[in-house]
Amino acid sequence: MPKLVPHNRLTFGEAECDAVMRTVRSGQWAQGPRVQELEAALARMSGVRHAVCVASGLAALRLALGALGIRSGDSVLVPAYSCVALANSVLAWGAAPVPVDVDGTHWNIEPALCRSHAERGRPRATIAINNFGVPAAVEEIVSGDVPVIEDCAHGFGIKKGGRGLGSRAQVGVLSFYATKLIGGGEGGAVLTNSDPIAHFVRSARDYTDQPADGHRMNDKMNDLEASLVLAQLERLPEMIAAREAVASRYLERLADPRFQRLYRIPPNTKERVWYRFAVEMLTTSAEKVVLGLEGLGIHAATPVTDWRPSDSPAAPVADRAYRMVVSLPLYPTLTEDEQDAVVVAFLRLCEENAHA
Ligand SMILES: *Cc1c(COP(=O)(O)O)cnc(C)c1O
């Protein structure tokens, strides 16, 4: 039995080990100078005035919503195909997440639907994800006075139209969960040009010496995490290039016309970062493909889990994405042999299904 090809594998070397060891030896483990250094680096990279580090991507979303004044009874537009963290961040304020359907190509929130929601209802904010690394059409989503949060948990490093990650909307949000583009174990950040938003998040991440209002959690990032993220940032261009090389090989190898009625591979767009290589199955469910691949030693995944209550508004594209989208292994350390094994197993499954 050959070794399993995992769905994710972390990328790190001596630099990450040294960075953490230095922080351990410094005796400063909690939020301190490394977090400050990371905030300066993130603000510089993304071209915004403020980067505020917090405990997670979910904390970043929650505090960004708080900074925008979201309160009980408000509604917030979120992509219908999205990580449950978005819904949780909205619900934390007593507000209602309103799932909006996504486009059928990259599964990003549909701008036209956001605009019609803004005309019909009174959403207080919109969260847009750069899904799997493809920039959402943030400029088209901004409508009237509904602020937009750009969730860059997948889309770190995108420079669209010369503007840096997270700088295209009122607020940008990052996650440094271990398997994201840049890992720190856990962690997140809020990016913004707004002084009041940055001030709110900076204050709200801590509860010390503040009145009890039920919203102050412990949302701080620590220096151990920040030193890991700083070391990972040094590798970002190299990691993005390595991911691109893996994606190009998939695009080449899976573009087999024999299988075009069985699956759809993502179109290559220059502006994207390859966080995930997501294939839309056309005839077999994603669940069945993941199980089949597992039997062949390949860990694939259904990358997003449906969180929507049964009385949610219709979102047929998202419904299909939850059922049919499979994420294949894509990371800088995926070897060519491993990738060949993935392609062979995937095509073999498709062949079997075609004859079934
Ligand atoms: C992972 C993720 C989050 C949450 O980040 P955590 O750091 O795990 O809390 C939010 N949004 C998207 C799109 C994500 O992929």
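Rundown of residues vs (1) assigned by TED's automatic domain parsing to the domain that holds Ala169; (2) within 20 Å of Met239 (Cα to Cα); (3) within 17 Å of the chain's Cα centre (by Cα); (4) open to solvent by less than 20 Å² (accessible area, probe 1.4 Å), yes/no style:
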site	(1), (2), (3), (4)
His7	no, yes, yes, no
Ala19	yes, yes, no, yes
Val24	yes, no, no, no
Glu37	yes, no, no, no
Ala40	yes, no, no, no
Met45	yes, yes, no, no
Val48	yes, no, no, yes
Ser56	yes, no, yes, no
Ala64	yes, no, yes, yes
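Tell me, which residue of segment 66-84 that is open to solvent by 10 Å² or more (accessible area, probe 1.4 Å) and under 17 Å from the mean Cα position of the chain (by Cα) is farthest from the ligand (Cβ to nearest atom)? Lay out the reasoning, then the answer.
First, pick out the residues of segment 66-84 that are open to solvent by 10 Å² or more (accessible area, probe 1.4 Å): 67-69, 71-75, 83-84.
Checking which are under 17 Å from the mean Cα position of the chain (by Cα) leaves us with 83-84.
Values: Cys83: 4, Val84: 9 Å.
Checked segment 66-84; the qualifying residue farthest from the ligand (Cβ to nearest atom) is Val84.
Restricting to segment 334-356, what's the tally of residues that are among the β-branched types (Val, Ile, Thr) and within 19 Å of Pro303 (Cβ to Cβ)?
So the first thing to find is which residues in segment 334-356 are among the β-branched types (Val, Ile, Thr), and the list is 335, 342-344.
Among the residues that remain, those that are also within 19 Å of Pro303 (Cβ to Cβ) are: 342-343.
Number of matching residues: 2.
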*Determine the pairs where a residue that is free of Cβ contacts under 8 Å to residues at least 60 places away in the same chain, located within segment 59-87, has a partner that is of a type in the set (Phe, Trp, Tyr) and away from the ligand (no atom under 11 Å from the Cβ) with Cβ atoms under 7 Å apart, the partner being 6 or more residues away or on another chain.*
Ile70/Trp93; Arg71/Trp93; Ser72/Trp93
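Using the structure shown, decide if Trp107 is of a type in the set (A, V, I, L, M, F, W, C) and over 27 Å from Pro316 (Cβ atoms). If you could, list the steps in order and put the result at the bottom.
Numbers: of a type in the set (A, V, I, L, M, F, W, C): yes; over 27 Å from Pro316 (Cβ atoms): no.
So Trp107 fails the test.
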*Report, by residue number, each residue of segment 277-321 that is touching a Lys or Arg at 6+ places or on another chain (Cβ under 9 Å) and among the hydroxyl-bearing types (Ser, Thr, Tyr).*
Thr283, Ser285, Thr302
_Would you confirm whether or not segment 109-122 contains a residue that is crowded, with 23+ Cβ neighbours inside 10 Å and within 14 Å of the ligand (Cβ to nearest atom)?_
yes
*From the set of residues in segment 249-262 that are open to solvent by 80 Å² or more (accessible area, probe 1.4 Å) and part of a loop (DSSP other than H, G, I, E, B), which is modelled with the highest pLDDT?*
Arg261
*Select from segment 176-212 the residues that are away from the ligand (no atom under 16 Å from the Cβ), surrounded by fewer than 22 Cβ atoms within 10 Å (Cβ to Cβ) and not in a helix (DSSP H, G or I) and list them in ascending order.*
Asn193, Ser194, Asp206, Tyr207, Thr208, Asp209, Gln210, Pro211, Ala212
_Between Ile298, Ile265, which is open to solvent by less than 10 Å² (accessible area, probe 1.4 Å) and of a type outside the set (Lys, Arg)?_
Ile298
*Can you find a residue in segment 220-241 that is within 16 Å of the ligand (Cβ to nearest atom) and within 22 Å of Ile127 (Cβ to Cβ)?*
yes
*So Trp307 clears everything in (1) buried (at least 16 other Cβ atoms within 10 Å of the Cβ); (2) in a helix (DSSP H, G or I) except one condition, right? Which one?*
(2)
*Odd one out for Ile197 among (1) without any contact (Cβ under 8 Å) to a residue 60 or more places away in the chain; (2) outside the structural domain of Pro303 (by TED's automatic domain parsing); (3) among the β-branched types (Val, Ile, Thr)*: (1)
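The values are calculated or read from the model by the stated rules, or taken from the named source; none is laboratory data. Please read these numbers as outputs of a predicted model, since none were measured by experiment. Note that each Cβ is placed from the backbone with ideal geometry, even for glycine, and that neighbours are counted across all protein chains shown. Heavy atoms of the whole protein, side chains included, go into the accessibility calculation; ligands, DNA and RNA do not. Shrake-Rupley method; radii C 1.70, N 1.55, O 1.52, S 1.80 Å.
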